[in-house]
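What follows is a single structure, written as structure tokens, with notes after it.
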Amino acid sequence: MNTDNLPKRGLAGLKAHFKDDLISGFSVSLIALPLCLGIAIASGVPPLAGLITAIVGGIICSRISGSFVTISGPAAGLIVITLGAAEAMGGAGAEMGYGGYPHALGAILIGGLIMALFGVLKVGKVGDYFPSAAVHGMLAAIGIIIIIKQFFPAIGAPSPKGEILEVATEMPHALTEMNLYALGIALVSLAVLIIHPILKNKVIKMIPAPMWVLILTIPLAAVMGTENLAMVEMPHNLFGEGGFQLPSFAKIGESAFWVAVTGFALVSAIESLLSAKAVDSLDPYKRNSNLDKDLIAMGAGSSLAAAIGGLPMISEIVRSSANINNGAKTQWANFFHGVFLLIYLLVGVVVIEMIPIAALSAMLVFTGFRLASPKEFKHMYQIGLMQLEIFIVTLVAVLATDLIIGIAIGILFKYVLLLFKGTKVKELFKSNYDIEVKNNVKTIRLKGSQIFSNYLSLKKKLDSGTGKYDEILLDFSEATFVDHTVMEHLEDYARIAKMKGKEVHIANIDTLNPVSEHPLAARDKKAKAYSYPHLNKRALQVLSFANQWNYRFENRTDALDQWEFYHLSIRRKLIAVEHLVKLWDDNFGYEMADVTTQTGAMTTEDMDKVTVLKISGLPKVPKFYLQQRGFIDDIQKVFENEEVTFKDLPEFEKQYSVHADGDHKEVKQFLNAETIQFLSLEKHLFLSGNGNELLMHLQDKLLNEKEMEALLTIAKKLVGTLAKNEVLFI
């Protein structure tokens, strides 16, 4: 993407992108409203606390944040700490009179100041330190805790007190005390959250799933009788009883207070850093957040929110992913999200009090399941056995102790595994390498183990190298072990460097054996060469097609950068390119493949697979995107460029939308009258040019053998039509 077209910042950005950011901010506010209320109630504090944090985060912190399209607010991941702090310092929940609430606010305020200090001390780079398996284990444990805790209010049963494992044992007994009205509300809520992502209707999709939950459960609760259900309670005077709450420091001398402070500071910082980095990977403009500045903003925001009764604040991944998907361009979307929530608070209290708590609890149960779903376990296993072991140890440790101790145990466990694998003690925190510079190319020859905790020293050399040289070569010929976290970071680093016009190449990585089939699996020279399983059913299907026509078959390629086309890499992350079929015909290359992409991140992560066909050998391929007009609402969110117009071809304009990253004239020369006539006869065709090659596909799915043959036939006909375009072949 052309970096000259980056969205403007500040007041210029407000003027230039007002419509996009306003619409996205409104859409995100509809998601944020029920989640903020639910997170606050689950944390054992008044519902108002969640809204305070989101409003402060949006209206104030968005103006000083170091990120671009993140959304600030309370997070489900901090429910455990807030609830524990409130329970330990006076009591949590309305039934306990929110006794621990003021003291928890004091801990949040100090924790926020410490988090801001992290940013001042420029420790944002430690986001690269934490091993991904330990972080995912911590998040999965949080998910399990949320499910257990919210199970009781979701079914209308009394919530027991005690350690999480003790509470879990009370779940069967709770079924004998459940409220059938609450259960009905919860089941409807879960059904909406499960079904909504599957539906294709655009009218339904315009309204986010959490808002559909409220649309359906509010009238359902009215029919059931609100006297039969626990309902959200809001203050009618923000400055009176139940309104803004000042923090208390009366417990500052107790250990529980400082345990909470430590939890708020560390977990908030970790989650904010991870969320900001995840959102950066989804940003269509590939911008990089200033993580230190973001820590300062989130820390200061937490303290400011706590000063008037709010929860801790982070850059929140679920709402941030929705913000990107809704077409946000700048942090003004976060600002508008906060403004809309303030409006809801000022004029919509009556409606908010119609929300049954069982619906909010069901939303959090669903969120908890996303954090700890079986897919997470499967994903860790697919990366490698070590990842799964660290994931499970961290998860169990968090459940048995707490978040901070649990993730520390997970990290220590990884160190033990690394030492057993032969990593030297001196390599634990400092990368071992030699450096050579020749012909403006910086070569870094890596030695020994390259692991999560010595990556920072390697990254420092990478940063200095990309600042001075056009190309960096990472030579792994003398390395003995590279863990998954480093493989993941290097893949991201190379992608970002390429966006800046720099090249980071990895050489001789094949001298180390991958521990699994995953493209970013750890590499170990001492391990046996990974024995890939027999070709799966899909691979055999594609191989059969290739053999039938005498085409070349390749099971997988690691050259993902060669498949970066707009509709594959904008707001998506390329994960794998598999089951390739290759052939040459009349000096044109055709390469068909199954491409796996990731949309969203962490709790919003989804994988999509599509069969595409890449055509090489065509001269003068512009950077453009063409798809059927029925998807125009989505495409407008992807491109800031104005649509390429074909006023003299109204039927084509009615059927297709075309967008370009560059000169519209070049696209019109490429799509001449004869090509357009050909395209008008095809249905469900997507075309994308990256400046060198052309990519096409018919549907967002994996194709069977007959459909692959049809796609290849269409591609050859298209090439034949383009070959008649004299402008291209001059």
Diffusion coefficient, µm² s⁻¹, Stokes-Einstein with Kirkwood Rh over alpha-carbon pairs of the range 463-594 at 20 °C and 1.002 mPa s: 126 µm²/s
Sorted largest first, extent of the range 102-159 alpha carbons per principal axis (Å): 47, 34, 10
Two-decimal Rg to Rh for the range 3-373 - Kirkwood Rh, Cα set: 0.95
Three-way shape call for the range 537-723 based on the alpha-carbon gyration tensor, with the a/c threshold at 1.5: oblate
Label assignment, Kirkwood radius over Cα pairs in Å derived from the structure, set (1) 33.2; (2) 28.2; (3) 27.4: (3)
Reachable lysines, given that their alpha-carbon falls under 23 Å from the alpha-carbon of Lys426 and they are not under 8 places away in the same chain: Lys125, Lys414, Lys447, Lys459, Lys460, Lys461, Lys525, Lys526
Relative packing of 316-325, 546-555, which averages over residues the other C-beta atoms within 10 Å, highest first: 316-325, 546-555
Cα-based Rg and Dmax for the range 32-140, where Dmax is the largest Cα-Cα distance (Å): 15.1, 42
Exposure proxy ranking, count of Cβ atoms within 10 Å, fewest first, for Glu389, Glu227: Glu227, Glu389
Span-rule helices in the chain, defined as complete DSSP H runs reaching 24 Å or more along the axis (Cα) with Kyte mean at least -1.0: 18-42, 101-120, 132-154, 255-282, 403-420, 705-723
Magnitude of the charge dipole, the chain, Cβ model with Lys/Arg +1 and Asp/Glu -1, debye to 20: 1200 debye
Diffusion coefficient, µm² s⁻¹, Stokes-Einstein with Kirkwood Rh over alpha-carbon pairs of the range 425-524 at 25 °C and 0.890 mPa s: 182 µm²/s
Computed Kirkwood radius, in angstrom, where 1/r is averaged over Cα pairs of the range 37-84: 11.2 Å
Dimensionless Rg/Rh of the range 76-217 - Kirkwood Rh, Rg from C-alpha atoms: 1.04
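Values in this text are rule-based calculations from the coordinates and carry no lab data. Note that the structure is predicted; figures quoted are calculated from it, not measured. With ideal geometry, Cβ positions are generated from the backbone for all residues, glycine too; neighbour counts draw on all protein chains shown.
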